[in-house]
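The values are calculated or read from the model by the stated rules, or taken from the named source; none is laboratory data. These numbers come from a predicted model, not from an experiment. Positions of Cβ are backbone-derived with ideal geometry, glycine not excepted, and every protein chain shown enters the neighbour counts.
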Amino acid sequence: MTDRQRIKVLISVIGLDGHFTGAELVSRILMDAGMEVVYLGIYQTPEMIVNAAIQESVDVIGISSHASNYEQIHLLIDLLKKNNMNDVPVICGGAIPKQHAEVLIKKGVSKIFPPQSTSESIVEYIVSTVKEKA
Amino acid sequence: MVKSIVEKIVKGDVRVAAKLIRDIDDGVHGTREILKALYRHTGNAYVIGITGAPGVGKSTVVDQMVRGLRKNMKTVGVLAVDPTSSLSGGAILGDRIRMQRHSLDDGVFIRSFATRGQFGGLTQSTRSAIDVLDAMGKEYIIVETVGVGQDEIDIAKSAHTTVIVVVPGMGDHIQAIKAGIFEVGDIFLINKSDRPDAEKTRSDLQAMIEITRKRFKKEGWEPPILMAEAVNNKGISELLDEIEKHRKSRKALSRESIIRHKKAIARSELIDMIRSRLVEEALNHITNSPDFKKYLDCIIDGTKDPYSACDELLSAKLHFLEDENTG
């Protein structure tokens, strides 16, 4: 890593989900940890997220999910694969029931942070994942 | 390697261009070679700088401008610069939120930047990013920066047309702007002009422009003051018209003044480039040396004052500086 390098993370809420508090809070946590966060806001489709991830050349995609619309996350993973972007890990956070979480992990989501996850655990995970990639 | 990257970018490969911009921003080795090869494909885009205090609606103005340009089938690149947190070094880049309608449009490339700071490298990496978008074939490139600080003024200077956005009822922030960035404004836009005091802001601005009018007159352009409500798409087509007029007025200048203009820009860009590389490489060279840590310890111990430490480090590490000190 050069001195100027920063970890760049895209944070978004996906589909018809308007719960932005978690996404904004996590954005803030990541900024305070020295990362650059491209924050997309709410109501983003998988296509919008993938396009932004390409244009911004991010290291990690973080999806906040509180509306049980997991099929949107599945579509996102498919679309990333289609664009040869498997090397960009997708992490999710929010109220995601265990059985859905397991399916998402099988689909290719690299990590899910349930409610009560600590800031440190999120930051540590992103840092170690990006380091591994490099 | 360099050749294939350049070819892909010139063909408009978004992913390769995006990755290159990332590497430029990160200061990764090897990017300069690509930029060298890319440079001959640049010079076709029209660069518009948008600047102003935080919260005046720059991103919304940019969003509407892109919409207007797309209506005329023009391709657009957007570079949106947000400040880096001086505490953590991180940043939240939220400008895309205001530009969502373009997120699926292949004719629009939006890229967020954090100032990162330290080496004053923002100007450099933004200029290089402009070159990349230019080589990609974007017809218009809009650079959005917060209008404070030397870096932002420098970026504004390298734009073909610089638009300064203000809002009514913020007299103090106009005061802050006039110190530096005010002089580089080609067009002034009073956004949120439905608010009270819009007329007062116009007359305040008019009074300030008066000061620099003489210089502008010589260049054949008097900066207009426009009113807009970007969120309702009001005043934006007028803004685009004025930008076009400014573009034409630049073309209509005499050959001499065009060359003079070009020379001034080339000069300031080259000096910037030399400066940022000098500072970065010299700083890296000095701060990574064991001596640097030794001197730091000495300052903490109280056995050395920072002034002498600076002198000694510089003369030990940068020999050419010594001559100037002694001679």
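Remarks
- A count restricted to the range A:1-46 and to residues that are in a loop (DSSP other than H, G, I, E, B), of a type in the set (S, T, N, Q) and free of Cβ contacts under 8 Å to residues at least 12 places away in the same chain stands at 2.
- Meets criteria (touching a Leu at 6+ places or on another chain (Cβ under 7 Å), crowded, with 22+ Cβ neighbours inside 10 Å and modelled with pLDDT of 90 or more) for B:GLY77: yes
- Of all residues making up the range B:233-284, the number that are of a type in the set (Lys, Arg) and farther than 30 Å from B:HIS29 by Cα: 8
- Residue match in the range A:102-119 (condition: within 14 Å of chain B (Cβ to nearest Cβ) and either free of Cβ contacts under 8 Å to residues at least 40 places away in the same chain or buried (at least 20 other Cβ atoms within 10 Å of the Cβ) (or both)): no
- One residue stands out in the range A:29-41 among those that are within 14 Å of the chain's Cα centre (by Cα) and within 7 Å of chain B (Cβ to nearest Cβ): the one that is farthest from B:THR84 (Cα to Cα), namely A:GLY41.
- Verdict on B:ILE50 being within 30 Å of B:LEU189 (Cβ to Cβ), within 14 Å of another protein chain (Cβ to nearest Cβ) and modelled with pLDDT under 95: no
- Listed by first and then second residue, the pairs with beta-carbon distance under 6 Å, at least 6 apart or on different chains, first residue in the range B:229-242 and at positive phi and at pLDDT 95 or above, second surrounded by 15 or more Cβ atoms within 10 Å (Cβ to Cβ) and small (Gly, Ala, Ser), are B:GLY235/B:ALA228.
- Residue tally, condition more than 20 Å from the chain's Cα centre (by Cα), assigned to a helix (DSSP H, G or I) and either charged (D, E, K, R) or within 14 Å of chain A (Cβ to nearest Cβ) (or both), over the range B:20-35: 1
- Single residue of A:GLN44, A:GLN5 found to be under 27 Å from A:GLU124 (Cβ atoms), polar (S, T, N, Q), facing chain B (nearest Cβ under 9 Å) and surrounded by fewer than 20 Cβ atoms within 10 Å (Cβ to Cβ): A:GLN5
- Residue list for the range A:47-69, filter: farther than 19 Å from B:GLY107 by Cα and either facing chain B (nearest Cβ under 7 Å) or of a type outside the set (A, V, I, L, M) (or both): A:ASP59, A:GLY62, A:SER64, A:SER65, A:HIS66, A:SER68, A:ASN69
- Test: A:LEU80 is outside any loop (DSSP other than H, G, I, E, B), within 9 Å of chain B (Cβ to nearest Cβ) and not acidic (Asp, Glu): no
- All positions within the range B:253-274 that are touching a residue at least 24 places away in the same chain (Cβ under 8 Å), small (Gly, Ala, Ser) and farther than 18 Å from B:GLY43 by Cα: B:SER257
- Hey, B:VAL66 outside any loop (DSSP other than H, G, I, E, B), crowded, with 16+ Cβ neighbours inside 10 Å and within 14 Å of chain A (Cβ to nearest Cβ) or not: yes
- Residues being among the hydrophobic types (A, V, I, L, M, F, W, C), free of Cβ contacts under 8 Å to residues at least 40 places away in the same chain and more than 7 Å from chain A (Cβ to nearest Cβ) - total across the range B:78-119: 1
- Conditions (1) within 12 Å of the chain's Cα centre (by Cα); (2) hydrophobic (A, V, I, L, M, F, W, C); (3) more than 9 Å from chain B (Cβ to nearest Cβ); (4) not in a helix (DSSP H, G or I); number of the one not met by A:ILE96: (1)
- Meets criteria (farther than 15 Å from B:SER86 by Cα, at pLDDT below 85 and away from chain A (no Cβ under 14 Å)) for B:ILE153: yes
- Set side by side, the residues B:GLU256, B:GLU244, B:GLU281 differ, and just one is within 14 Å of chain A (Cβ to nearest Cβ) and of a type in the set (D, E, K, R), which is B:GLU281.
- Taking the range A:47-77 as the range and being touching a Leu at 6+ places or on another chain (Cβ under 7 Å) and in a helix (DSSP H, G or I) as the test, the residues that pass are A:GLU47, A:MET48, A:ILE49, A:VAL50, A:ASN51, A:ALA52, A:ALA53, A:GLU56, A:TYR70, A:ILE73.
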